[in-house]
1. So, in the range 318-334, of the ones that are in contact (Cβ under 8 Å) with a residue 12 or more places away in the chain and over 18 Å from the mean Cα position of the chain (by Cα), which residue ends up nearest to ALA55 (Cα to Cα)?
2. Condition first: touching a residue at least 60 places away in the same chain (Cβ under 8 Å), crowded, with 22+ Cβ neighbours inside 10 Å, among the small types (Gly, Ala, Ser) and under 30 Å from VAL120 (Cβ atoms). Can you find one or more residues in the range 279-289 that meet it?
3. Exactly one of (1) of a type in the set (Val, Ile, Thr); (2) more than 27 Å from PHE244 (Cα to Cα); (3) over 16 Å from the mean Cα position of the chain (by Cα) is unmet by THR148. Its number?
4. Could you look through the range 143-152, keep only residues that are without any contact (Cβ under 8 Å) to a residue 60 or more places away in the chain and farther than 17 Å from SER85 by Cα, and pick out the one that is surrounded by the most Cβ atoms within 10 Å (Cβ to Cβ)?
5. Inside the range 228-242, can you point out the residues that are buried (at least 16 other Cβ atoms within 10 Å of the Cβ) and either touching a strand residue (DSSP E or B) at 6+ places or on another chain (Cβ under 7 Å) or modelled with pLDDT of 80 or more (or both)?
6. I'd like to know if the range 351-362 contains one or more residues that are crowded, with 20+ Cβ neighbours inside 10 Å, assigned by TED's automatic domain parsing to the domain that holds PHE244 and more than 30 Å from GLU228 (Cα to Cα).
7. Which residue out of ASN262, ASN198 is farther than 30 Å from LEU84 by Cβ, surrounded by 15 or more Cβ atoms within 10 Å (Cβ to Cβ) and over 20 Å from the mean Cα position of the chain (by Cα)?
Amino acid sequence: MPIALYALAIGGFGIGLTEFVIAGLLPEVAADFGVTEAVAGYLISGYALSVAVGAIALTAALGRVDRKKALLGLLILFIAGNLLSAVAPSYELMLLGRVLAALCHGAFFGIGSVVAADLVPANRKAAAISIMFGGLTIANVLGVPLGTFLGQAAGWRATFWAISVVGVAAMIGIGLLVKPTPAAASSSFLDEFAIFKNRQVWLSMIVTVLGFGGMFGAFSYIAYTLTEVSGFSSAAVPWLLVLFGVGLFAGNIAGGRAADHNLGRTLTALLAGLTVVLALFAATAGSQVATIVALLLMGAFGFATVPGLQMRILAHASGAPTLASGANIAAFNVGNAFGAWIGGLTLAAGLGYTAPLWAGAAVTLAGLLVFLLAAVLPGGEFRRFSLAAAGQDRLGRL
């Protein structure tokens, strides 16, 4: 694989670290600024909302800019946001720093996905995308625990200084290793949005919202499941989440390779497998051994869908791949919010701490059904296969 992919992965690592490490530092941040933990939580929700906005707005705005320059500009924004977070004298400026860093998140992964795919032959595009997203998964496995430890040992601001350094490293790597990749020029800015006239583009985003949202909704409340149902201590939860992160990393790589081989069958198998894993997790959460296995598989199946989902929308939006890629990144974050909301409703209804897992299974199943519908419609993966098979059959009878 081209070494430039690993420069993109470093950027993904820094961005993933920025998104997730704040959860482990929230008590320290809240105490420093004198705000409640609920108010401090806006540093998380505000980030997620800004990711969704930036994924479409900034990606569209940069659609006619050389992609290398766009990535470098986004990293400047990312570094500025984290530096502001590191020195912020007030909660409001800290929140502004989080918003600035988040705005580049979706656009970086959206544009980066297109750049990664263009670096390799057609039969390795999903694998290339998975390497870039590998930085995000490593941030979960290693970056978040280390970043939390650094913040607790040297103060939470030290973590954001360190993330800024990662951003500089990514900027240097991309500047040296990624070749200029001019975006395809369109007749006007609004022409980019013509991709949304394609039914398959919308179906791809719906599958992303539901398929990924089901997993994230279950994960959002996993600490309660682990402590209240499985019987693990609170001290064991961070280590169990590292195990979940290992599943994310392995699934991301394996899912990319499988999607390159056969996209339709891969997404069908992964979405079906994730549905089954979530349901079995809910049914066996009382067993610690079963919980450990299920947690690993939930991460693996959940993130294995990402390269395929990203590749699918690129395949159906060749007229504006950068915007489509960014829109799908926004869909991932909408799925995060939707899944967490559904899971929260089940807890508020008093259905118990395994209810978010059952709800996640139902949401993922809905994603599978939407994908199967999309796959048999004109332009879909199974439709193309059926037409090809029918054509071969007719030729055989001549």
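The values are calculated or read from the model by the stated rules, or taken from the named source; none is laboratory data. In this text the structure is predicted, and so the values were computed from the model without any measurement. Cβ coordinates were reconstructed from backbone atoms using ideal geometry, including for glycine residues, and neighbour counts include every protein chain displayed.
1. Going through the range 318-334, the residues in contact (Cβ under 8 Å) with a residue 12 or more places away in the chain turn out to be 319-334.
Cutting the leftovers down to over 18 Å from the mean Cα position of the chain (by Cα) gives us 319-320.
On the way: GLY319: 18, ALA320: 14 Å.
Once the filter is applied, the top-ranked residue is ALA320.
2. no
3. With respect to (1) of a type in the set (Val, Ile, Thr); (2) more than 27 Å from PHE244 (Cα to Cα); (3) over 16 Å from the mean Cα position of the chain (by Cα), THR148 is out only on (2).
4. Filtering the range 143-152 for residues without any contact (Cβ under 8 Å) to a residue 60 or more places away in the chain gives 146, 149-150.
Of the ones still in play, those that are also farther than 17 Å from SER85 by Cα are 146, 149.
Values: LEU146: 15, PHE149: 13.
Out of the qualifying residues, it is LEU146.
5. VAL229, SER230, PHE232, LEU240
6. Filtering the range 351-362 down to residues crowded, with 20+ Cβ neighbours inside 10 Å leaves 353-357, 359-361.
So of that shortlist, the ones also assigned by TED's automatic domain parsing to the domain that holds PHE244 come out as 353-357, 359-361.
Checking the rest, the ones that are also more than 30 Å from GLU228 (Cα to Cα) come to none.
Looking through the range 351-362, none of the residues is crowded, with 20+ Cβ neighbours inside 10 Å, assigned by TED's automatic domain parsing to the domain that holds PHE244 and more than 30 Å from GLU228 (Cα to Cα).
7. Numbers: ASN262 fails: surrounded by 15 or more Cβ atoms within 10 Å (Cβ to Cβ).
Result of the check over ASN262, ASN198: ASN198.
Let's see how each residue does on (1) touching a residue at least 40 places away in the same chain (Cβ under 8 Å); (2) surrounded by fewer than 22 Cβ atoms within 10 Å (Cβ to Cβ); (3) under 24 Å from ALA320 (Cβ atoms):
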{"residue": "GLY11", "(1), (2), (3)": "yes, no, yes"}
{"residue": "GLU28", "(1), (2), (3)": "yes, yes, no"}
{"residue": "TYR42", "(1), (2), (3)": "yes, yes, no"}
{"residue": "GLY54", "(1), (2), (3)": "yes, no, yes"}
{"residue": "GLY63", "(1), (2), (3)": "yes, no, yes"}
{"residue": "LYS68", "(1), (2), (3)": "yes, yes, yes"}
{"residue": "LEU72", "(1), (2), (3)": "yes, yes, yes"}
